[in-house]
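Data block below; observations after.
The values are calculated or read from the model by the stated rules, or taken from the named source; none is laboratory data. Because the structure is predicted, anything quoted here is derived from the model rather than measured. Reconstructed Cβ throughout: ideal geometry from the backbone, glycine too, with neighbour counts over all protein chains shown. These accessible areas exclude ligands, DNA and RNA; they are computed on the full protein's heavy atoms, side chains included. Shrake-Rupley method; radii C 1.70, N 1.55, O 1.52, S 1.80 Å.
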Amino acid sequence: MLLKGAEIFIKALKEQGVDTIFGYPGAVILPIYDELLKDDELKHILVRQESGAVHAAEGYAKSTGKVGVVLVTSGPGATNTVTGITDAMMDSIPVICFSGQVASNLIGNDAFQEADMIGITRPSTKHSYLIKDTKDLARIIHEAFYVATTGRPGPVLIDLPKDVLTGVAEYTPKIDIKHKTYNPKIIPDVDKIDEAIQLIKEAKAPIIYCGGGVLNSYAFKGGLKNSKTDSVELLKEFVKITNMPITLTLPALGCFDGEDEHFLGMCGMHGTYEANMAMHGCDLMICLGARFDDRVTSNIKGFSPNSKKIHIDIDKSSINKNIMVDVGIVGDAGEVLKELIKTGVKVNDYSDWWKRIETWRSMNCLRYKDSDEIIKPQKVIETLYELTKDKDTYIATEVGQHQMWTAQYYKFRKPLHFMTSCGLGTMGYGLPSSIGTLIADRTRTVILVAGDSSFQMNIQELGTVLQEQIPLKMIILNNHFMGMVKQHQDLFYQKRHASTKMDAQPDLMKIADAYNIKALSVKNPLELKDKMKEWLNHDGATLLNVMIDENEHVYPMIPAGQSHNTMLLGGLK
Amino acid sequence: MEIKSHTISILVDNEAGVLGRVVGLFSGRGYNIENLTVAVIDKEKGLSRITISTTGTDIIVEQIVAQIERIVPVHRVLNMTVNPPSVEREIALIKIICEPRLRNDALQIANAFRADKVDITNESCVFQVVGKPSKIDTFVELMKPLGLAEIDRSGLVALSRGTKVI
């Protein structure tokens, strides 16, 4: 039966199990929107700006382990998605962005609302397609879902000229075919596993350093059909068998229990003292699904100078990219853990190593001086954890100091519960991402932790909260500054605060009120806990504006270009 | 580590934008392209072969190869400069414009290089020379005093020696 392109689009999405689309209509994409009207199953979430659609789709994807789908029109609608697509690329999140395009006969003519999206997004997508014929539409959509979710996941853009949507063709069902060029390696080589096991056998002071690859393995299994491999369970088992200390990167938080005694905290620029000292002093580093990002390694010349390194990654190009390693294993994190455990890891007595770690730990690097006069941001996050730890709570953040305090003081215990922009560091990510997380399941408890500056960067998405009537809980650590940039100015620019003070801050209470969101504010540290309870217990969407100490810095901190053993610890030493 | 020239062969699906993806990867990551050749090699299967020369340490080139392998329409990537070394050839067209008294010298050099005369007028001559890039470089040097006017070079094509294939 011949179907219109727009009908094929909807049929293909449904066959792929899509239930939600985040989007914003415009002229050339109207054939699809018109068709969506007739459909009851596919839910369309109308955002207020297209960048919000991509971040919402990221939150949806990250919290569910499903593909996030975005639908926008051509030209400005499409170019507004570029930041979100780049964010998804940096954090390996499967998002498929369908962008409308002017009719085929107008492409290249500088037509109204024409933009070369394939060209613009080439370096920031895993792959992209310009569809030229309606008969290719279904096949390419199925292929895009395969490419986005297998191997190292990532964003895919599909450009849809208007005539492709109005033209007709036969529908092509989803079939399992081996892609002719793209075949990611998921199962590791046995000889590499043996080499890794040999290094583990010799180690006296090992550390496991995990990245977002463990969570992607948990959610997508590298793309292996019907795989039961559970990377999070296997990681837990591996740590139990080996008694090794473990540290996580920012995107990996939650893949290992934050309350477990083997967990040293996050590593890197704002990681804990014990995690970074252990990374520096170890004799074996097992890097699992992380990429030795510069926020983790800092100065690569001084990075973990005396260790052998095993690097496990599904992306071959990550191995030996930043740090030369002794054994590189290409494969899915879960599959590699399974092989390591099955083959049999021989471990040593690490009690001397643990003694050294406990000395570092006893520094208690996250302690801070609380106050009765002014609210300390660290206290806010500690209280947040105390009040929400017994519930299944999803946390999203924006980017900046509040993000680091959340990473440091909130103990993430479950996978896929922490939505934050890591590689790209996108201010404005948090609000739409938290919306996507809550839209995925409206019974969830979803909390957005934001700074006052980043909250304003996609603040228009409060309109989406209003329209969808979702009970989003927002908390703003308000210091009237771009806090993290100010911190860099305080430390490295002799406190010259060029353009970082938010002198003209709107009345956030009135803004919330305008969107029918209950707003609370707190300035007195003695009232903090009660206000937070009131904020959390309210049924609908609620915003809590917390006036915090503007002079607080995030510590520990490794200044850019320094080594792990040269951390700044603030006033604690 | 030693920086040297490497030749990389890439087998790709002949689809729109594939060359842009490969070349964009080089420019986006700051790798240099010294030489680039691309042509369809199998019309039925829709395959093209891209040959790129670049300079870098072995580690950097290994990284470039891994990055290219990530591109979805790429079938195979091979660093042709590692063992065994490959056969590399280039074709060049070289035009000289000279007085008749110099022409004999030019023709003699062309003979020595087994260059073909593909166009001759009273004032000019176009030679076609095939070989390793170094051979073409030498030929060009020798033609300079004889009225060298224009050069076009094809860029490298390369195949592995022996039974090894991409």
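For the stretch A:349-384, which positions are polar (S, T, N, Q) and within 18 Å of A:M266 (Cα to Cα)?
A:T359, A:S362, A:N364, A:Q378
With (1) over 22 Å from A:F22 (Cβ atoms); (2) within 11 Å of chain B (Cβ to nearest Cβ); (3) small (G, A, S) as the list, and A:A111 as the residue in question, which single condition is left unmet?
(2)
Quick check on this structure: which one of A:E41, A:E58 is at negative phi and open to solvent by less than 10 Å² (accessible area, probe 1.4 Å)?
A:E58
Given the condition aromatic (F, W, Y), assigned by TED's automatic domain parsing to the domain that holds A:Y394 and touching a residue at least 40 places away in the same chain (Cβ under 8 Å), answer yes or no: does some residue in the stretch A:493-511 qualify?
No; the residues of the stretch A:493-511 include none that is aromatic (F, W, Y), assigned by TED's automatic domain parsing to the domain that holds A:Y394 and touching a residue at least 40 places away in the same chain (Cβ under 8 Å).
Among the residues of the stretch A:356-364, is any of a type in the set (A, V, I, L, M, F, W, C), assigned to a helix (DSSP H, G or I) and open to solvent by 20 Å² or more (accessible area, probe 1.4 Å)?
Checked against the condition, which is being of a type in the set (A, V, I, L, M, F, W, C), assigned to a helix (DSSP H, G or I) and open to solvent by 20 Å² or more (accessible area, probe 1.4 Å), the stretch A:356-364 yields at least one hit.
How many residues are assigned to a helix (DSSP H, G or I) and either within 18 Å of A:G425 (Cβ to Cβ) or modelled with pLDDT under 95 (or both) if we restrict to the stretch A:67-112?
Qualifying residue count for the region: 9.
Got at least one residue in the stretch B:69-79 being more than 20 Å from B:D119 (Cβ to Cβ), away from every other protein chain (no Cβ under 14 Å), in contact (Cβ under 8 Å) with a residue 60 or more places away in the chain and β-branched (V, I, T)?
Checked against the condition, which is being more than 20 Å from B:D119 (Cβ to Cβ), away from every other protein chain (no Cβ under 14 Å), in contact (Cβ under 8 Å) with a residue 60 or more places away in the chain and β-branched (V, I, T), the stretch B:69-79 yields no hits at all.
Answer yes or no as to whether A:T272 is among the hydroxyl-bearing types (S, T, Y) and more than 17 Å from the chain's Cα centre (by Cα).
yes
Could you list all residues from the stretch A:227-275 that are within 15 Å of A:M557 (Cα to Cα), outside any loop (DSSP other than H, G, I, E, B) and touching a Leu at 6+ places or on another chain (Cβ under 9 Å)?
A:G265, A:M266, A:Y273, A:E274, A:A275 - these are the residues of the stretch A:227-275 that are within 15 Å of A:M557 (Cα to Cα), outside any loop (DSSP other than H, G, I, E, B) and touching a Leu at 6+ places or on another chain (Cβ under 9 Å).
Mind checking which residues of the stretch A:312-340 are open to solvent by 10 Å² or more (accessible area, probe 1.4 Å), assigned to a strand (DSSP E or B) and of a type outside the set (G, A, S)?
A:D313, A:V330
Looking only at the stretch B:22-39, which residues are under 15 Å from B:R76 (Cα atoms) and either assigned to a strand (DSSP E or B) or at pLDDT below 95 (or both)?
B:V38 - this is the single residue of the stretch B:22-39 that is under 15 Å from B:R76 (Cα atoms) and either assigned to a strand (DSSP E or B) or at pLDDT below 95 (or both).
Specify which of the listed residues (B:I50, B:I94, B:I71) is touching a Leu at 6+ places or on another chain (Cβ under 9 Å), crowded, with 16+ Cβ neighbours inside 10 Å and in a loop (DSSP other than H, G, I, E, B).
Of B:I50, B:I94, B:I71, the one residue that is touching a Leu at 6+ places or on another chain (Cβ under 9 Å), crowded, with 16+ Cβ neighbours inside 10 Å and in a loop (DSSP other than H, G, I, E, B) is B:I71.
Here are some residues: B:R21, B:R29. Which one is open to solvent by less than 50 Å² (accessible area, probe 1.4 Å), over 19 Å from the mean Cα position of the chain (by Cα) and within 14 Å of chain A (Cβ to nearest Cβ)?
That would be B:R21, the only listed residue that is open to solvent by less than 50 Å² (accessible area, probe 1.4 Å), over 19 Å from the mean Cα position of the chain (by Cα) and within 14 Å of chain A (Cβ to nearest Cβ).
Might you let me know whether the stretch B:56-63 holds any residue that is among the β-branched types (V, I, T) and loosely packed, with under 14 Cβ neighbours inside 10 Å?
yes
Identify the residue in the stretch A:512-523 that is farther than 11 Å from A:I476 by Cβ and free of Cβ contacts under 8 Å to residues at least 60 places away in the same chain and, among all such residues, is surrounded by the most Cβ atoms within 10 Å (Cβ to Cβ).
A:I517
Which condition from (1) farther than 23 Å from A:T343 by Cα; (2) surrounded by fewer than 16 Cβ atoms within 10 Å (Cβ to Cβ) is the one that A:V164 breaks?
Single failed check for A:V164: (2).
For the stretch A:207-226, how many residues are among the aromatic types (F, W, Y) and either farther than 23 Å from A:T242 by Cβ or not in a helix (DSSP H, G or I) (or both)?
The number of residues fulfilling the criteria is 2.
Of the residues that sit in the stretch A:167-196 and are out of contact with any helix residue (DSSP H, G or I) (no Cβ under 8 Å at 6 or more places or on another chain) and assigned to a loop (DSSP other than H, G, I, E, B), which one is least open to solvent (accessible area, probe 1.4 Å)?
A:T181
Please list, ordered by first then second residue, the pairs with beta carbon atoms under 6 Å, 6 or more apart or interchain, first in the stretch A:428-450 and farther than 11 Å from A:L472 by Cβ and open to solvent by 10 Å² or more (accessible area, probe 1.4 Å), second of a type in the set (G, A, S) and in a helix (DSSP H, G or I).
A:A440/A:S63
Please count how many residues of the stretch A:413-455 are over 14 Å from the mean Cα position of the chain (by Cα) and part of a loop (DSSP other than H, G, I, E, B).
Final tally of qualifying residues: 6.
Take the residues in the stretch A:374-406 that are charged (D, E, K, R) and under 16 Å from A:E527 (Cα atoms); name whichever of them is most open to solvent (accessible area, probe 1.4 Å).
A:E386
Which condition does A:T150 not pass, out of (1) away from chain B (no Cβ under 14 Å); (2) of a type outside the set (D, E, K, R); (3) open to solvent by less than 40 Å² (accessible area, probe 1.4 Å); (4) closer than 29 Å to A:V72 by Cα, if it passes all the others?
Of the numbered conditions (1) away from chain B (no Cβ under 14 Å); (2) of a type outside the set (D, E, K, R); (3) open to solvent by less than 40 Å² (accessible area, probe 1.4 Å); (4) closer than 29 Å to A:V72 by Cα, the odd one out for A:T150 is (1).
Among the numbered criteria (1) out of contact with any Pro (no Cβ under 9 Å at 6 or more places or on another chain); (2) surrounded by 21 or more Cβ atoms within 10 Å (Cβ to Cβ), which one does A:I120 miss?
Condition (2) is where A:I120 drops out.
Here are some conditions: (1) within 14 Å of chain A (Cβ to nearest Cβ); (2) surrounded by fewer than 16 Cβ atoms within 10 Å (Cβ to Cβ). B:E34 meets all but one. Which one does it not meet?
B:E34 satisfies every listed condition except (1).
Could you grab me the full set of residues in the stretch A:400-444 that are among the aliphatic types (A, V, I, L, M) and within 19 Å of A:Y60 (Cβ to Cβ)?
Selection gives A:L416, A:M419, A:L424, A:L431, A:I435, A:L438, A:I439, A:A440.
Report yes if some residue within the stretch A:72-81 is out of contact with any Cys (no Cβ under 8 Å at 6 or more places or on another chain) and within 14 Å of chain B (Cβ to nearest Cβ); otherwise report no.
no
Inspect the stretch A:127-146 for any residue being within 14 Å of another protein chain (Cβ to nearest Cβ), in a strand (DSSP E or B), over 24 Å from the mean Cα position of the chain (by Cα) and acidic (D, E) and give the result as yes or no.
Looking through the stretch A:127-146, none of the residues is within 14 Å of another protein chain (Cβ to nearest Cβ), in a strand (DSSP E or B), over 24 Å from the mean Cα position of the chain (by Cα) and acidic (D, E).
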